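Colleague: Here you go, one structure.
The values are calculated or read from the model by the stated rules, or taken from the named source; none is laboratory data. Just so we're clear, the structure is a prediction, and the values are computed from it rather than from any experiment. Neighbour counts run over all protein chains shown; Cβ positions are idealised from the backbone, glycine included.
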């Protein structure tokens, strides 16, 4: 009997106008979105390779000029999985620029590209699933129970001693299978479009496993939306009420909650803007630097005066060398002291800021998890390397790069500034002609670490399915089928 | 009868569950969006002021001596009207950094510290209206005709000799007025929230008139949605059919057309990647500089070296003659006297001649670079404009796109804002060149300095005066979209009338 019910459900859905509309929308938008995402990724990859090659050509081997002005650049490669979810990618910096003083900064290409696409947003895979396919799921399932009641077939089914649980299960599986047909068809076309790219291969180890996980979770999300539609149907007596309720709930889950939660979190726990924080950090670093210059000058003046040497001169004469030799350890110690002080001050500011950001972020995420659309978006964007954890990942990579450049270059040269004069103390074996600027080895989280981060959202998606099912079951048991 | 029908329509709508849901959503989302938009604007404005002040204090006047590496910076202030539509604001650069080369660069400080907001987008006025309000209006109106037909009340109304066009008009007017009540209240609350900000006054001359235009256009957009909902209702026999068609229409107009048309425009008019352009420009500039460096090495430098060597040889010769004469104590010969009397101290003249040649070459180099880059930029701009025009015209199939273009255009965050930014940036670059860079520059290893310019007492850099388009200019740019919104209302209304006139009410 269950098989008959499922088959009946699949047939009824397929021969409905709604199915045609859903198929049309899926078959047009999903492959088109994939095509554009692929072209966008190819463009970004070409740009990354071009800029990286040009940079290496310019700064091959050997550092010329003042080490203070040496800014090593690290470039962020685009994540291949960002084809599926653009997420925060459009807003992420492209590169890291290190600095001698430890305060790296990030930069982003400033040309705006296709302004209309930016104004209306991208049509990536996540958008298609959360907006088009989820809406299609609700539209296909909203009158599963209320519609049958209106047409009078529900009581006929129950009169045939069919348990209500079987009816519900039959509807759920039947509508879900019917929904999967246009979705998988359009996805197949989209994957063929993707595979045609010379830069992307679905079967590659960096894309394949993650894509399978995304596909599985998409299936779970759509199952949840079908269950939701059926659940709504058990709460309404007529199809008209069902659809209105469905659309209202969909608008709340897909539009309202995702956009309102970050706003609410910002209202409940406001945090300073990042450019203001960076400005303050820059000012603190500059002030400490000014103090260092003053102290260095004072020390030099004291020693030079003791040696009866003019304080505003530098020379390679014997008496100057003697005074400089006496100053060297003192300079190094002073530099070390101020570097430490600067690093501590900046680190304190950064940690305080990060802590506040983290609290606000946690609040926003937890508020938004009321909606399965948010949970699904978090899951797919995290797997694609374009999620809410990507900014932190970028900053970690940036800091690692800054440290690498410091170990290879900055840490081997001590710059002593005494007002108008600048001197350099080189570490043993340092040769600026043979040293080269290191590359940034940018790493995205692995599949395992991404899954470890997003398991609460995966669990929530499953719980939503269970919740909607349970609600629907309870309601159907009390449902007046007459 | 008209008034009775309208009042009946208003009562019908206001006493339904859908109206309560619409009211709740409007009252919650519109004021909340406005509050957060206001807070965000205040923070961005404070940040802009601090950055500007810090810059003026520390780098506003270049530190003497001027060494040819100074760069004046200009900052883009946030548009107060961006509270209504964030549009392209997150993507437009913040800072212009001018340079001696004549090619400014722009910087956009990445703001990635609220990734949830970036992931899901802001619920500003534009999003609230295009996503939520449009859906609510369609939900309120989808069964205007088909619902009455199902219940059997439509034939009763027509049986009372009420003309069909009057029924339709009353439906549209009634639904429109009923929706305006919760919408109006939520807008009023939102405006009060806005007025409570110390930085914003909605009655000020640069906000008030634009705000009125935005409200007017919003009312026009809502009317077009009401007409669309009623029109959908005339095409079907049952409410269920209406809701299906409503779903399709909403998905197409709000999600499909605005997102798909720019994609189609990119396919029809593909454009070189913007960073590829930057790369090309950099390569062209370096090539030209290398060419001129080569010309200098082949012409000016050898000539300079030859003249300098000749002068040094004469110096040595003169010194040798003097030494010989001292040793021998004799009088110089005629030839020797000629050498001794010749003015060989012409080092400055040789240097001046070289500098003059290098300056001339540097000027030609600058001109060639500017021409080449200008050509590249112009070509890119033309292609981009063509693509943009195709995208815009395709998007205008949807009233939602038209509304988005109007509001984002009026708030200074629309598709033309990047061009406006670049115009301001170019103006600033030209201004700094006039005051500073043209007075002193380094090219091909030679310093050029205008008369009266003191490298040890340089003038302060000028400030960038960023100009947003005026209301008149904006209206001139967006009037086609406003007209289209009006036409959409007329079109949907006419379509509804034609369908309803043929409709079988039994």
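Colleague: Out of the residues in the stretch B:158-190 that are without any contact (Cβ under 8 Å) to a residue 12 or more places away in the chain and either assigned to a helix (DSSP H, G or I) or not assigned by TED's automatic domain parsing to the domain that holds residue B:140 (or both), which is farthest from the chain's Cα centre (by Cα)?
Modeller: So, considering only residues that are without any contact (Cβ under 8 Å) to a residue 12 or more places away in the chain and either assigned to a helix (DSSP H, G or I) or not assigned by TED's automatic domain parsing to the domain that holds residue B:140 (or both), the one farthest from the chain's Cα centre (by Cα) is B:159.
Colleague: Scan the stretch B:199-236 residue by residue and report those that are in a loop (DSSP other than H, G, I, E, B) and within 13 Å of chain A (Cβ to nearest Cβ). Outline the logic, then answer.
Modeller: Our first condition is that a residue be in a loop (DSSP other than H, G, I, E, B); within the stretch B:199-236, this holds for B:199-207, B:235-236.
Within the stretch B:199-236, B:235, B:236 qualify.
Colleague: Given the options A:181, A:189, A:158, name the one that is surrounded by 14 or more Cβ atoms within 10 Å (Cβ to Cβ) and more than 18 Å from residue A:22 (Cβ to Cβ).
Modeller: A:158
Colleague: Moving on to the next point. Go over the candidates B:262, B:302 one by one and state the one that is assigned to a helix (DSSP H, G or I) and surrounded by 15 or more Cβ atoms within 10 Å (Cβ to Cβ).
Modeller: Within the list B:262, B:302, the selection yields B:262.
Colleague: Of these, A:193, A:177, which one is in contact (Cβ under 8 Å) with a residue 12 or more places away in the chain and over 26 Å from the mean Cα position of the chain (by Cα)?
Modeller: Answer to the selection: A:177.
Colleague: Now for a different question. Which helices (runs of 4 or more DSSP H) does the stretch A:75-162 wholly contain that include 3 or more residues that are modelled with pLDDT of 85 or more and closer than 30 Å to residue B:402 by Cα?
Modeller: A:134-141
Residues are listed down the side, and each one gets a yes or a no for (1) out of contact with any helix residue (DSSP H, G or I) (no Cβ under 6 Å at 6 or more places or on another chain); (2) modelled with pLDDT under 95:
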position: A:168; (1), (2): no, yes
position: A:171; (1), (2): no, yes
position: A:200; (1), (2): no, yes
position: A:203; (1), (2): yes, yes
position: A:208; (1), (2): yes, yes
position: A:211; (1), (2): yes, yes
position: A:217; (1), (2): no, no
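One line per residue, one yes/no per condition, for (1) out of contact with any helix residue (DSSP H, G or I) (no Cβ under 8 Å at 6 or more places or on another chain); (2) more than 30 Å from residue A:131 (Cβ to Cβ); (3) in a loop (DSSP other than H, G, I, E, B):
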position	(1), (2), (3)
A:319	yes, yes, no
A:356	yes, yes, no
A:359	yes, yes, no
A:376	no, no, no
A:393	yes, no, no
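Colleague: Also: Scan A:38, A:56, A:44, A:49 and give me the residue that is assigned to a helix (DSSP H, G or I) and at pLDDT below 85.
Modeller: Exactly one of A:38, A:56, A:44, A:49 is assigned to a helix (DSSP H, G or I) and at pLDDT below 85, namely A:56.
Colleague: Among the residues of the stretch A:228-245, how many are part of a helix (DSSP H, G or I) and more than 9 Å from chain B (Cβ to nearest Cβ)? Give the derivation first.
Modeller: Step one: of the stretch A:228-245, the residues part of a helix (DSSP H, G or I) are A:228-235, A:239-245.
Now narrow it down to the ones that are more than 9 Å from chain B (Cβ to nearest Cβ): A:228-235, A:242.
Residues meeting the conditions: 9.
Colleague: Given B:455, B:446, which one is closer than 30 Å to residue B:291 by Cβ, surrounded by 18 or more Cβ atoms within 10 Å (Cβ to Cβ) and modelled with pLDDT under 90?
Modeller: After applying the criteria, what remains is B:446.
Colleague: So which residues in the stretch A:265-279 are part of a helix (DSSP H, G or I), surrounded by fewer than 18 Cβ atoms within 10 Å (Cβ to Cβ) and modelled with pLDDT of 85 or more?
Modeller: The first filter runs over the stretch A:265-279 and keeps only residues part of a helix (DSSP H, G or I), leaving A:265-268, A:274-279.
Okay, now just the ones that are also surrounded by fewer than 18 Cβ atoms within 10 Å (Cβ to Cβ), so A:267-268, A:276.
Selection gives A:268 alone.
Colleague: Of the residues A:340, A:298, only one is modelled with pLDDT of 85 or more and part of a helix (DSSP H, G or I); which?
Modeller: A:298
Colleague: Evaluate the following for residue B:264: is it more than 7 Å from chain A (Cβ to nearest Cβ), in contact with a helix residue (DSSP H, G or I) (Cβ under 7 Å, 6 or more places away or on another chain), at pLDDT below 85 and closer than 26 Å to residue A:131 by Cβ?
Modeller: yes
Colleague: Of the conditions (1) at pLDDT 85 or above; (2) at the interface with chain A (Cβ under 8 Å from one of its Cβ atoms); (3) under 25 Å from residue A:249 (Cα atoms), residue B:17 fails just one. Which one is it?
Modeller: Failing condition for residue B:17: (1).
Colleague: Then there's this: Can you tell me which residue among B:271, B:248 is at pLDDT below 85, crowded, with 18+ Cβ neighbours inside 10 Å and closer than 30 Å to residue B:498 by Cα?
Modeller: Numbers: B:271 fails: closer than 30 Å to residue B:498 by Cα.
It is B:248.
Colleague: Within the stretch B:275-313, track down each residue that is within 14 Å of chain A (Cβ to nearest Cβ) and in contact (Cβ under 8 Å) with a residue 12 or more places away in the chain.
Modeller: B:277, B:280, B:281, B:284, B:285, B:289
Colleague: Give the residues of the stretch A:431-446 that are at pLDDT below 70 and surrounded by 12 or more Cβ atoms within 10 Å (Cβ to Cβ), sorted by residue number.
Modeller: Within the stretch A:431-446, A:432 is the sole residue that qualifies.
Colleague: Which of the residues spanning the stretch B:407-417 are within 12 Å of chain A (Cβ to nearest Cβ), touching a helix residue (DSSP H, G or I) at 6+ places or on another chain (Cβ under 6 Å) and in a helix (DSSP H, G or I)?
Modeller: Hits for the stretch B:407-417 are B:407, B:409.
Colleague: Hey, another quick one. Does residue B:150 satisfy being touching a strand residue (DSSP E or B) at 6+ places or on another chain (Cβ under 9 Å), crowded, with 16+ Cβ neighbours inside 10 Å and either modelled with pLDDT under 90 or within 12 Å of chain A (Cβ to nearest Cβ) (or both)?
Modeller: no
Colleague: Of the residues in the stretch A:84-94, how many are more than 10 Å from every other protein chain (Cβ to nearest Cβ) and touching a strand residue (DSSP E or B) at 6+ places or on another chain (Cβ under 7 Å)?
Modeller: Qualifying residue count, the stretch A:84-94: 0.
Colleague: Please work out which residue is farthest from the other protein chains (Cβ to nearest Cβ), limiting yourself to the stretch B:363-403 and to residues that are out of contact with any helix residue (DSSP H, G or I) (no Cβ under 6 Å at 6 or more places or on another chain) and buried (at least 20 other Cβ atoms within 10 Å of the Cβ).
Modeller: B:384
Colleague: Please find, within the stretch A:123-162, the residue that is nearest to residue A:177 (Cα to Cα) out of those that are more than 7 Å from chain B (Cβ to nearest Cβ) and within 20 Å of the chain's Cα centre (by Cα). Lay out the reasoning, then the answer.
Modeller: Of the residues in the stretch A:123-162, the ones more than 7 Å from chain B (Cβ to nearest Cβ) are A:124-130, A:133-134, A:136-138, A:140-162.
Add one more test, that the residue is within 20 Å of the chain's Cα centre (by Cα), and what stays is A:124-130.
Working: A:124: 23, A:125: 20, A:126: 20, A:127: 21, A:128: 18, A:129: 16, A:130: 18 Å.
Selected residue: A:129.
Colleague: A further question on this structure: Is it the case that residue B:211 is surrounded by 16 or more Cβ atoms within 10 Å (Cβ to Cβ) and either closer than 30 Å to residue A:146 by Cα or touching a helix residue (DSSP H, G or I) at 6+ places or on another chain (Cβ under 9 Å) (or both)?
Modeller: yes
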